[in-house]
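Quick notes on the structure that follows.
The values are calculated or read from the model by the stated rules, or taken from the named source; none is laboratory data. Since the structure is predicted, the reported quantities are computational estimates derived from the model, not experimental observations. When we count neighbours, we look across all protein chains shown, and the Cβ atoms used for this are built from the backbone with ideal geometry, even at glycine. SASA here: full protein model, heavy atoms, side chains in, ligands and nucleic acids out. Shrake-Rupley method; radii C 1.70, N 1.55, O 1.52, S 1.80 Å.
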Amino acid sequence: MVLVSKGKFIALEGGEGAGKSTQARLLVAALEARGITVDLTREPGGTPGAEAIRELLLHPPGEGWGAEAEALLFAASRSDHVARRIVPALERGEWVISDRFVDSSRAYQGGAGGLGDETITALHQIGSDGLRPNLTILIEVDAAKTAQRLAERDGDASDAIGGRDAAYHQEVAQSFHALAKKDPDGFAIIDGSGSADDVHSAIMAAIDDRLGR
Ligand code: TYD
């Protein structure tokens, strides 16, 4: 889908504990200080329907979802989010910042979950007309630092996906990296190991470079 609008769509991506949510808040504040109207949202979620699906995904009833059902639920929640929130905001000329978007499905369900990128891309085409962000910011943090941050954040309260084993999360990280390397125009890779302020500066530099000031 090619959007004809003044708005810009930026997705923040990365594994668990990469600092996406902190960076999303800092990014919104910096853009608002420039006079830009920003809609901060997240996936799975962002609309009442998508938030209801989020609950089903992160706290599944019964024995949990199979890989295909999980991918379809993510695509369904994204479809609602895109149609009811993201596209209308972009059409109003706003900037949309989403804490995760389709590249999470490509890395988690497509890569680590084994469904493959073609399947996820096909679901995204059906559900959301293939909408791509103007820029995807991939925040990378090494596994040891991630484990430390997660222990501080979640304790043992992680959800059905965050709680998967280290090998799964390692594959997620590798998949994200491969996707970003394959599409250097669509992605900016940001080292997330520094202080929140340093990471924020790197993100702003990437945005100004790619999307203009
Ligand atoms: P969340 O609490 O938002 O995680 P985080 O704070 O790490 O961003 O939970 C979202 C979880 O869902 C997270 O484990 C990543 C996973 N996820 C997918 O597996 N596929 C997707 O398409 C998306 C959007 C998220």
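Below 14 angstrom from the Cβ of Q174, what's the summed charge of the other residues (Lys, Arg +1; Asp, Glu -1)? Around Q174, the surrounding residues sum to -3.
Per-residue ellipticity at 222 nm computed for the chain from its helices equals -15500 deg cm²/dmol, with DSSP H segments shorter than 4 residues left out and the rest contributing -39,500 (n - 2.57).
Of the residues H177, H59, the one with the largest accessible area comes first in the ranking H59, H177, computed with a 1.4 Å probe on protein heavy atoms. For the pair region 8-85 and region 93-128, the centres of their Cα atoms are 11 angstrom apart.
Solvent-accessible surface of protein heavy atoms, probed at 1.4 angstrom with all chains present, puts S105, S79 in the order S79, S105, largest first. Share of Cα-Cα pairs in the chain beyond 21 Å, in percent? That tail contains 52 percent of the Cα-Cα pairs. Just to confirm a number: summing +1 for Lys and Arg and -1 for Asp and Glu over residues other than I97 whose beta-carbon lies under 14 angstrom from that of I97, what do you get? Net local charge, I97 excluded: +1.
The residues of region 25-130 present an accessible area of 44 Å² per residue when probed at 1.4 Å with all protein chains retained. The slack between D159 and D191, meaning 0.36 nm per residue of separation minus the straight C-alpha distance, is 9.0 nm. When the surface is traced with a 1.4 Å probe over the full set of protein chains, D209 keeps roughly 120 Å² accessible.
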